[in-house]
Amino acid sequence: MDTHATQDGTQRFAARFRATAGEGHFRTLDIAGGLTLSSLGMGTYLGQPDEKTDAAYTEAIVAAVEGGINVLDCAINYRMQRSERSIRAALDELRQKGFAREELVLCTKGGYLTPDGGAPADPNKYFYQEYIQRGIFSAKDIAAGCHCMTPRFLDDQLHRSLHNLGVQAIDVYYLHNPETQLAEIPRSEFLARIRAAFTFLESAAAKGKIQHYGLATWNGFRQEAQARDSLQLAELVQLAREISGEAHHFRFVQLPFNLAMTEALTLANQSVEGRTLTMAEAAEALGITLIGSAALLQGQVAHNLPPFVREAFGLETDAECALQFARSSPGITTALVGMSSAAHARKNARLAAVSAATVDQFTKLFERGSQG
Ligand SMILES: NC(=O)c1ccc[n+]([C@@H]2O[C@H](COP(=O)([O-])OP(=O)(O)OC[C@H]3O[C@@H](n4cnc5c(N)ncnc54)[C@H](OP(=O)(O)O)[C@@H]3O)[C@@H](O)[C@H]2O)c1
């Protein structure tokens, strides 16, 4: 039985769409076991923690995969663990439709404290009984009242995610917004915590519970280097190398990338061997795959875009243009778009048949955009 995404399996997924996929829709990585990822990925963050949304996500995930999307992104806290369970239900349906586990790149995250399925009557009591009493964390391990990345906690969360998703292994396991902790703790302590987390994640990879790991971030890589919660990729890759050498499994970074958040391409905030680089450049130099999140800025760039954006891409709707921008950006392997509606999943998956934008189209858009 297949337990995780494989080079062959993901290539087989791409081959299903050989006749229809636009150029550049599928991207094969040089690293991370040579997996092939679709240029759009399915996000599962937004929405109510209720049964109606569970069913809507399951239907949307099935529609997305049937439309040529093989990257599924989640986090244990999304809709209080219910999004992971919606993915499980979708995987069951997809299996019956002939899609194998090894064709799909399954990603989830740990770091935020979350209830289980719904808001508990007494949250303090819930977290005390479920975690503190069982020795999984203590109050000193928690930052910002909601974040934890100790090995003991991550081990607990990883096992809950495996159970929620109904799988034996996760392809990419992210530490979720680790920069949250920098608001409270000094950088030296932060790096010690990351080192402990990476050491745990390397051991989880050695046991086959995860294939790769990464950091899913919001602000960390999008600010000036001097900002208190900014992250330096080279420093973090160095930690992974110190733990496991060149064969380390820290291979993915997620950061927002959309028409209004272009820092990965435009802000030179990373220092790599004495050079000042953008995140896209630094990731390439350091063997990290970049995944863009919030491709529609939580729906805000799906409407009312200036006409020149549509002209640049020649596509029908604003949502299509915004997604075309995110999926075509040099350096971004997959652009994640949240879709709790199957209608959106079907619409967005139509882009799989459209070739990614050329560098020329891109440059024109940037030049026009900077004229205001
Ligand atoms: N730090 C992190 O780790 C982080 C942060 C943010 C996001 N992410 C990941 O990135 C994913 C994407 O980000 P996001 O979900 O926050 O926001 P998003 O993808 O920018 O936007 C999602 C919203 O756009 C709507 N939408 C989708 N397709 C549309 C279309 N064709 N026309 C109009 N509206 C459309 C969705 O509606 P429906 O739901 O009704 O379909 C949803 O309300 C997340 O789901 C998550 O997996 C990670």
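The values are calculated or read from the model by the stated rules, or taken from the named source; none is laboratory data. Owing to the predicted nature of the structure, the values given are computational and were not obtained by experimental measurement. Positions of Cβ are backbone-derived with ideal geometry, glycine not excepted, and every protein chain shown enters the neighbour counts.
Of note:
- The residues of region 203-236 that are part of a helix (DSSP H, G or I), touching a residue at least 24 places away in the same chain (Cβ under 8 Å) and farther than 22 Å from residue 74 by Cβ, listed by number, are 233, 234, 235, 236.
- Number of positions in region 313-355 that are more than 20 Å from residue 263 (Cα to Cα) and either of a type in the set (Gly, Ala, Ser) or within 9 Å of the ligand (Cβ to nearest atom) (or both): 19
- Test for residue 252: is it within 18 Å of the chain's Cα centre (by Cα), surrounded by 15 or more Cβ atoms within 10 Å (Cβ to Cβ), closer than 21 Å to residue 185 by Cα and within 16 Å of the ligand (Cβ to nearest atom): no
- Just so you know, in region 48-97 the residues that are within 11 Å of the ligand (Cβ to nearest atom) and in contact with a Lys or Arg (Cβ under 6 Å, 6 or more places away or on another chain) include one that is farthest from residue 161 (Cα to Cα), and it is 63.
- Neighbours by Cβ (under 7 Å, 6+ apart or cross-chain): first from region 36-58, of a type in the set (D, E, K, R); second within 14 Å of the ligand (Cβ to nearest atom): 54/82; 54/86
- Listed conditions (1) in a helix (DSSP H, G or I); (2) touching a residue at least 60 places away in the same chain (Cβ under 8 Å) are all met by residue 179, apart from (2).
- The number of residues in region 24-34 that are in a loop (DSSP other than H, G, I, E, B) and either surrounded by 14 or more Cβ atoms within 10 Å (Cβ to Cβ) or modelled with pLDDT of 95 or more (or both) comes to 3.
- Checking each residue in region 262-321 for being within 25 Å of residue 73 (Cβ to Cβ), hydroxyl-bearing (Ser, Thr, Tyr) and surrounded by fewer than 16 Cβ atoms within 10 Å (Cβ to Cβ) picks out 266, 317.
- Consider region 322-354 and keep the residues that are of a type in the set (D, E, K, R) and touching a Ser or Thr at 6+ places or on another chain (Cβ under 9 Å). The one that is surrounded by the most Cβ atoms within 10 Å (Cβ to Cβ) is 327.
- All told, residue 216 meets the bar of being surrounded by 21 or more Cβ atoms within 10 Å (Cβ to Cβ), of a type outside the set (Asp, Glu) and closer than 19 Å to residue 290 by Cβ.
Matching residues to (1) farther than 29 Å from residue 50 by Cα; (2) surrounded by 21 or more Cβ atoms within 10 Å (Cβ to Cβ):
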site: 121; (1), (2): no, no
site: 149; (1), (2): no, yes
site: 174; (1), (2): no, yes
site: 187; (1), (2): yes, no
site: 229; (1), (2): yes, no
